[in-house]
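What follows is a short report on a single structure.
The values are calculated or read from the model by the stated rules, or taken from the named source; none is laboratory data. Computed from a predicted structure; not experimentally measured. Glycine also receives a Cβ, built like all others from the backbone with ideal geometry; neighbour counts cover every protein chain displayed. When the accessible area is computed, the model is the full protein with side chains, heavy atoms only, and any ligands, DNA or RNA have been set aside. Shrake-Rupley method; radii C 1.70, N 1.55, O 1.52, S 1.80 Å.
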Amino acid sequence: DGSSVGAVSSYTFASITANRAISASFAVSSYTITASSGSNGAISPSGSVSVTHGSSRTFTITPNTGYHIGNVLVDGSSVGAVSSYTFTSITANHTISAGFEADNQPPIANAGPDQLVDEKSIVTLSGSNSTDPDDGIAGFSWIQTQGTPVALSNPNEEETTFTAPDVLPAGEALVFQVTVEDYSGVQT
């Protein structure tokens, strides 16, 4: 009869003694998707995003330089390290959050200082000053790149030794290279 009775799903006319009128209006239901991200990256759009019933909404996840996507949680469950996520046929509120991790940094190889040695002496090469800024050093690999060939005692260890060869009176330069690998498989 022209007066609102609120958002009710049914209405009963009681004691009808005259003509009565009833009308109903409908609105599309809306929901909120709360989008957030940790530091070192962003999610777009972010914050409280309003969506309508049955619609779809895509979120884009972008790490800052030097970082990668660590994990994306949708409604508290992991969907992996995805760079975008689409909610489809939305019928409820949702949450999405993204976390970021620093990219692996390569190790720093250090074969030690130059050495001046006598013939037939035992020479130790050490990579003990090699470092890795994030996940540590997993292995070493030594090779000789110049000079009279010598046999390295432990070419896949942090330290290796060899016996200095006989050389001409002017001496000779022997050159060695160490390759250092971190636990992520990155070599320097």
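Looking at Ala81 and the list (1) of a type outside the set (Val, Ile, Thr); (2) open to solvent by 60 Å² or more (accessible area, probe 1.4 Å); (3) out of contact with any His (no Cβ under 8 Å at 6 or more places or on another chain); (4) farther than 17 Å from Leu152 by Cα, which single condition is not satisfied?
If we test Ala81 against (1) of a type outside the set (Val, Ile, Thr); (2) open to solvent by 60 Å² or more (accessible area, probe 1.4 Å); (3) out of contact with any His (no Cβ under 8 Å at 6 or more places or on another chain); (4) farther than 17 Å from Leu152 by Cα, just (3) comes out false.
When the range 149-159 is examined, which residues are found to be aliphatic (A, V, I, L, M) and either surrounded by 15 or more Cβ atoms within 10 Å (Cβ to Cβ) or under 19 Å from Pro107 (Cβ atoms) (or both)?
Val150, Leu152
Taking the range 160-171 as the region of interest, how many residues are modelled with pLDDT of 95 or more and either part of a loop (DSSP other than H, G, I, E, B) or surrounded by 15 or more Cβ atoms within 10 Å (Cβ to Cβ) (or both)?
Summing the residues that are modelled with pLDDT of 95 or more and either part of a loop (DSSP other than H, G, I, E, B) or surrounded by 15 or more Cβ atoms within 10 Å (Cβ to Cβ) (or both) in the range 160-171 gives 5.
Among the candidates Thr88, Thr95, which residue alone is without any contact (Cβ under 8 Å) to a residue 60 or more places away in the chain and more than 30 Å from Ser153 (Cβ to Cβ)?
Being without any contact (Cβ under 8 Å) to a residue 60 or more places away in the chain and more than 30 Å from Ser153 (Cβ to Cβ) holds for just one of Thr88, Thr95, which is Thr88.
Yes or no, residue by residue, for (1) polar (S, T, N, Q); (2) on the phi > 0 side of the Ramachandran plot; (3) modelled with pLDDT of 95 or more:
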| position | (1), (2), (3) |
| --- | --- |
| Gly2 | no, yes, no |
| Thr17 | yes, no, no |
| Ala27 | no, no, no |
| Ser37 | yes, no, yes |
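Kindly evaluate Thr32 against the criterion of being free of Cβ contacts under 8 Å to residues at least 24 places away in the same chain and out of contact with any helix residue (DSSP H, G or I) (no Cβ under 7 Å at 6 or more places or on another chain).
No.
Of all the residues that make up the range 104-129, how many are closer than 30 Å to Phe162 by Cβ and either open to solvent by 80 Å² or more (accessible area, probe 1.4 Å) or among the charged types (D, E, K, R) (or both)?
Of the residues in the range 104-129, 10 are closer than 30 Å to Phe162 by Cβ and either open to solvent by 80 Å² or more (accessible area, probe 1.4 Å) or among the charged types (D, E, K, R) (or both).
State all residues of the range 134-148 that are closer than 18 Å to Val186 by Cα, assigned to a loop (DSSP other than H, G, I, E, B) and either open to solvent by 70 Å² or more (accessible area, probe 1.4 Å) or among the hydroxyl-bearing types (Ser, Thr, Tyr) (or both); if no residue qualifies, say none.
Across the range 134-148, the qualifying residue is only Asp134.
If only one of Ala111, Ala151 is of a type in the set (A, V, I, L, M), closer than 30 Å to Gly66 by Cα and part of a loop (DSSP other than H, G, I, E, B), which one is it?
Testing whether each residue is of a type in the set (A, V, I, L, M), closer than 30 Å to Gly66 by Cα and part of a loop (DSSP other than H, G, I, E, B) leaves just Ala111.
Can you tell me which residue in the range 114-133 is nearest to Ile33 (Cα to Cα), limited to those that are in contact with a Ser or Thr (Cβ under 8 Å, 6 or more places away or on another chain) and assigned to a loop (DSSP other than H, G, I, E, B)?
Across the range 114-133, the extreme among qualifying residues is Ser121.
Would you check which residues across the range 172-188 are part of a loop (DSSP other than H, G, I, E, B) and either crowded, with 17+ Cβ neighbours inside 10 Å or not acidic (Asp, Glu) (or both) and list them?
Listed by number, the residues that qualify are Ala173, Leu174, Tyr183, Ser184, Gly185, Val186, Thr188.
Here are some conditions: (1) open to solvent by less than 60 Å² (accessible area, probe 1.4 Å); (2) under 30 Å from Gly38 (Cβ atoms). Glu101 meets all but one. Which one does it not meet?
So Glu101 meets the others, but not (1).
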